[in-house]
Amino acid sequence: MNEKYEMMIKRLIEKIKPHEIPFSEPWKVLISTVLSQRTKDETTAMVSERLYKIYPDLESISKANLDHLENVLKPIGFYREKAKRIREIAKILINEYNGKVPEDKDLLMKLPGVGTKTANIVLSISFKKDYIAVDTHVHRISNRLGWVKTKTPEETEIELEKIIDKKYWKILNGILVEFGKNICKPVNPKCEICPLNDLCPSSKIVAKK
Ligand code: SF4
């Protein structure tokens, strides 16, 4: 692995407390990640908490009244579509996987609303497997840092797997999400307080050094 990239990752590990998903059960990580698509983390967390209070297991979600489920999910984006998806996911997990979340990427990606990012989050967080979950933060920051030159998160995932040592794969998402929310923001990144500003090719202040 490129020494400079490794130095950047090590510095981030030292300085950034990784973003954490407030659930550990695989089915909750899966459902909440589906809910989180195109939704703010705070809203996802609030709605997830409410959802699991009313529907505490897959069985109850699978049998939920769709109108009621939509109402519970209402603050999040695309709540109607997501209500259908999570009810369908609950049914499939019960009927085809004995109520368990499969630990296999291809099987996960057959579930409704589950793409590579969601599958990788479940595999890396719930099952501690080596996958890089690439969301908008990971995609943007990897490009700013010069690790990749890509146009989509899917391309970024493929390129990162080639250049980042496997031992960092499962922690990368948590660190870069937190870093992206607080420092390397989508608009007006805070390069002046960034621990990577002497190494980053996109730094706004590197020229002054
Ligand atoms: S120096 Fe600026 S652009 Fe580069 S990683 Fe830090 S905040 Fe992002």
Exercise. Can you give the accessible area of ARG80 in Å² (nearest 10), computed on protein heavy atoms with a 1.4 Å probe?
Worked result: 130 Å²
Exercise. Got a number for the accessible area of MET7? Probe 1.4 Å, square angstrom, nearest 10.
Worked result: 90 Å²
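Grab the eigenvalues of the alpha-carbon gyration tensor for the chain, scale each by 5, take roots, and send me the semi-axes largest first in whole angstrom.
Values: eigenvalues 235, 66, 35 Å².
Equivalent-ellipsoid dimensions as semi-axes: 34, 18, 13 Å.
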For this session: Answer with one residue from ILE163, GLY180, ASN197: the one whose Cα lies farthest towards the positive end of the charge dipole of region 130-209, charges on Cβ with Lys, Arg +1 and Asp, Glu -1.
Result: ASN197
Exercise. Mind ordering 65-72, 118-125 by average Cβ neighbours within 10 Å, highest first?
Worked result: 118-125, 65-72
For this session: Could you calculate the contour length gain from ARG50 to GLU103, that is, 0.36 nm times the residue separation minus the distance between their Cα atoms, to one decimal place in nm?
Result: 16.4 nm
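Quote to one decimal, in nm, the extra length available between ASN188 and GLU42 on full extension: 0.36 nm per residue of separation minus the C-alpha distance between them.
Difference between extended and current length: 50.5 nm.
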Exercise. What are the ³J(HN,Hα) values, in whole Hz, obtained from phi via the Karplus relation 6.51 cos²θ - 1.76 cosθ + 1.60 with θ = phi - 60°, for each residue of region 28-36 in sequence order, with x given for Gly and Pro?
Worked result: 6, 4, 5, 4, 5, 6, 5, 5, 6
Exercise. Applying the Karplus parametrisation 6.51 cos²θ - 1.76 cosθ + 1.60 with θ = phi - 60° to the phi angles of region 93-98, what ³J(HN,Hα) value in whole Hz is obtained for each residue in order, glycine and proline being reported as x?
Worked result: 4, 5, 6, 10, 10, 6
Exercise. What's the long-distance tail for region 26-126, i.e. % of Cα pairs beyond 20 Å?
Worked result: 29 percent
Exercise. In whole angstrom, how far apart do the alpha carbon centroids of region 14-68 and region 118-186 sit?
Worked result: 21 Å
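All other residues with a Cβ under 9 Å from the Cβ of ASN173 taken together, and with Lys, Arg as +1 and Asp, Glu as -1, what is their net charge? Display every interim value, and only then the final one.
On the way: positive: LYS117, LYS170; negative: ASP135.
Charge balance near ASN173 sits at +1.
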Exercise. Leaving out ligands, DNA and RNA but keeping every protein chain, what accessible area does LYS91 have, in Å² rounded to the nearest 10, with a 1.4 Å probe?
Worked result: 70 Å²
Exercise. Tell me, what ³J(HN,Hα) does each residue in region 39-56 have, in order and in whole Hz, if you take phi through Karplus 6.51 cos²θ - 1.76 cosθ + 1.60 with θ = phi - 60° and put x for Gly and Pro?
Worked result: 9, 5, 4, 5, 5, 4, 5, 5, 5, 4, 4, 5, 4, 6, 6, 7, 10, x
Seminar exercise, completed: Carbon plus sulfur, as percent of the 1.4 Å-probe accessible area of region 120-209, comes to 55 percent
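The values are calculated or read from the model by the stated rules, or taken from the named source; none is laboratory data. These figures come from a predicted structure and were not determined experimentally. Glycine gets a Cβ as well: all are built from the backbone with ideal geometry, and neighbour counts include every protein chain shown. Areas reflect the complete protein model, heavy atoms only, side chains present, ligands, DNA and RNA absent. Shrake-Rupley method; radii C 1.70, N 1.55, O 1.52, S 1.80 Å.
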